[in-house]
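To keep things clear, I will list the structure first and then write my remarks on it.
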Amino acid sequence: MDRIRIKGGAPLHGTIPISGAKNAALPLMTASLLTADTLELLNVPRLADVALLLRILENHGVDHSVAGKRPGHTVETGQAIRLSAASVIDTCAPYELVSRMRASFWVIAPLLARFGEACVSLPGGCAIGTRPVDLLLKALEDMGVVIEIEGGYVKAKAPKGLQGAEIVFPKVTVSGTHVALMAATLANGTTVIENAAREPEIADLAECLNKMGAKVSGAGTSRIVIDGVSRLHGTTHAVMPDRIETGTYAMAVAMTGGDVVLENTRPEILDNAIEVLEQVGVDVKMTNEGLHIHRNGSGLSAVDITTNPFPGFPTDLQAQFMALMTRAKGTSRIRETIFENRFMHVQELARFGAQIRLDGDAAIVDGVESLKGAPVMATDLRASVSLVIAGLAAEGETEIHRVYHLDRGFEALEAKLGRCGAEIERIRAS
């Protein structure tokens, strides 16, 4: 397996282009199943999860093409993908594909909406908690779907077509909101989603669906209203910037010191996380180019956080923030409320000399004067990049193993950090 080697201690200076958001690209790609016309997506990141979803869509009969390079394009520039679901031949998504990525389960919604049936394997993904699909399936049942679970597969049929419904989620669910939103676009009548997820990626999906002829209002709030239409058409849509990548690189600058402009991104997609960074002692300013990140000269201050659905502090930035707090002055308390298993990076950060102890759903971090480079192992996507952040600031050399997790969610990581002065390289498996 590939590994990443980092020689720590270099502050970051320069510019980092922010890629299109993985968490927006995946549902947008899935939405291609809602129409027989071509959906063109711009600014799609080059990631392992994107490639896997293309394979899953191909299995259904979706044709795709990736546009060639354009002037000014680099390895860090998003790609354009055209998707055509004119000839869907299979409404079953098999275990060997769906088990590798949870978001691939979302194909159940457009398949039901357009064809009235779907057979989809129960999902897989990072081992960071159970993340059940019960809320998602209940939303579909509210819309008239008959569901059976047999042999690890969800077999779903809508014999009378999907029907508009009032869907009230007992707790905020991003997956459930994505699925209900896609399904409702072609349902008969009006669907109202209450307690909907408010993440920017939900609003990005809704914007694209409206370009395709859907009638969606309220996306980005806790109440979304969808008036079903008989068909959707193709369109062109640019994927929004990745807020998790934005926050990750902002924390890398905070950890190492330096001065970096994060290009092609915007502050409102991070909301609470920017407020937290400013409390830590990081200067964040919006410019014409993007977000200007600069750590002031007074060091890092310890700050307590609790992960929450948007606009709260993102669970996908919790591991990175924990790495940052290992060098803060004082003690911070980091409470995880979204996933019950998302502290697997603690033991790996401890290998750098971090002082972290667990207390139920919280981690208490006592800041230390310095970290020491060490061999470490990635456990999931976001945890893996927290080890990169620690390695960038640690004394000596760090080797990160099992970096295939990084390739699922961070485009051209070594190139982006390297252009800002980081001593980082990928060592390919022989």
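The values are calculated or read from the model by the stated rules, or taken from the named source; none is laboratory data. Predicted, not measured: the structure shown is a model, and the values here were computed from it. Cβ sites come from the backbone with ideal geometry, for glycine too, and all protein chains shown count toward neighbours.
Just a few scattered comments:
Residue-by-condition table, conditions (1) within 14 Å of MET255 (Cα to Cα); (2) touching a residue at least 24 places away in the same chain (Cβ under 8 Å):
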{"site": "GLY360", "(1), (2)": "no, no"}
{"site": "ALA374", "(1), (2)": "no, yes"}
{"site": "LEU381", "(1), (2)": "no, yes"}
{"site": "SER386", "(1), (2)": "yes, yes"}
{"site": "GLY396", "(1), (2)": "no, yes"}
{"site": "ARG402", "(1), (2)": "no, yes"}
{"site": "ASP407", "(1), (2)": "no, yes"}
{"site": "GLU411", "(1), (2)": "no, yes"}
{"site": "ILE424", "(1), (2)": "no, yes"}
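- Segment 172-184 residues that are in contact (Cβ under 8 Å) with a residue 12 or more places away in the chain, paired with ones that are small (Gly, Ala, Ser) and not in a helix (DSSP H, G or I) (beta carbon under 7 Å, 6 or more apart): VAL172/ALA197; THR173/ALA197; VAL174/ALA197; THR177/ALA196; THR177/ALA197; ALA184/GLY164; ALA184/GLY228
- Of the residues making up segment 364-380, one or more are modelled with pLDDT under 95, surrounded by fewer than 24 Cβ atoms within 10 Å (Cβ to Cβ) and either in contact with a Cys (Cβ under 8 Å, 6 or more places away or on another chain) or of a type in the set (A, V, I, L, M) (or both).
- Residue match in segment 123-132 (condition: at pLDDT 95 or above, in contact with a Ser or Thr (Cβ under 8 Å, 6 or more places away or on another chain) and either over 23 Å from GLU201 (Cα atoms) or assigned to a loop (DSSP other than H, G, I, E, B) (or both)): no
- Evaluation of LEU33 against (1) crowded, with 24+ Cβ neighbours inside 10 Å; (2) part of a strand (DSSP E or B) (one fails), failing number: (2)
- Scanning segment 36-61 for residues that are in a strand (DSSP E or B) and either in contact with a Lys or Arg (Cβ under 6 Å, 6 or more places away or on another chain) or over 15 Å from THR235 (Cβ atoms) (or both) yields THR38, GLU40.
- Each residue in segment 84-114 was checked for being surrounded by 22 or more Cβ atoms within 10 Å (Cβ to Cβ), at pLDDT below 90 and farther than 30 Å from LYS416 by Cβ, and 1 pass.
- Check on GLU245, outside the structural domain of LEU381 (by TED's automatic domain parsing), modelled with pLDDT of 95 or more and out of contact with any Leu (no Cβ under 8 Å at 6 or more places or on another chain): no
- Number of residues in segment 148-164 that are within 28 Å of the chain's Cα centre (by Cα) and either surrounded by 15 or more Cβ atoms within 10 Å (Cβ to Cβ) or among the β-branched types (Val, Ile, Thr) (or both): the value is 5.
- For segment 223-242, filtered to residues that are in a strand (DSSP E or B) and under 21 Å from the mean Cα position of the chain (by Cα), the residue that is surrounded by the fewest Cβ atoms within 10 Å (Cβ to Cβ) is ALA238.
- Of all residues in segment 185-205, those being hydrophobic (A, V, I, L, M, F, W, C), in contact (Cβ under 8 Å) with a residue 60 or more places away in the chain and under 14 Å from ALA21 (Cβ atoms) number 1.
- Condition met for GLY290 (more than 16 Å from GLN320 (Cβ to Cβ), in the same structural domain as GLY14 (by TED's automatic domain parsing) and surrounded by 15 or more Cβ atoms within 10 Å (Cβ to Cβ)): yes
- Residues that are without any contact (Cβ under 8 Å) to a residue 24 or more places away in the chain, farther than 14 Å from MET255 by Cα and in contact with a strand residue (DSSP E or B) (Cβ under 8 Å, 6 or more places away or on another chain), drawn from segment 284-304: LYS285, MET286
- ALA10 fulfils the conditions (1) more than 24 Å from ALA429 (Cβ to Cβ); (2) surrounded by fewer than 22 Cβ atoms within 10 Å (Cβ to Cβ); (3) not charged (D, E, K, R); (4) not assigned by TED's automatic domain parsing to the domain that holds LEU417 except for a single criterion, (4).
- Breaking point among (1) of a type in the set (Lys, Arg); (2) under 24 Å from the mean Cα position of the chain (by Cα); (3) buried (at least 20 other Cβ atoms within 10 Å of the Cβ), for ARG266: (3)
- Hey, ILE81 among the β-branched types (Val, Ile, Thr) and either modelled with pLDDT under 90 or assigned to a loop (DSSP other than H, G, I, E, B) (or both) or not: no
- Within segment 334-342, one or more residues are under 28 Å from THR265 (Cβ atoms), modelled with pLDDT under 95 and of a type in the set (Phe, Trp, Tyr).
- Residues that are of a type in the set (Gly, Ala, Ser) and either under 20 Å from LYS138 (Cα atoms) or assigned to a loop (DSSP other than H, G, I, E, B) (or both), drawn from segment 191-222: ALA196, ALA197, GLY213, ALA214, GLY218, GLY220, SER222
- Candidates are the residues of segment 41-62 that are without any contact (Cβ under 8 Å) to a residue 40 or more places away in the chain and under 22 Å from TYR404 (Cα atoms); the one that is surrounded by the most Cβ atoms within 10 Å (Cβ to Cβ) is VAL50.
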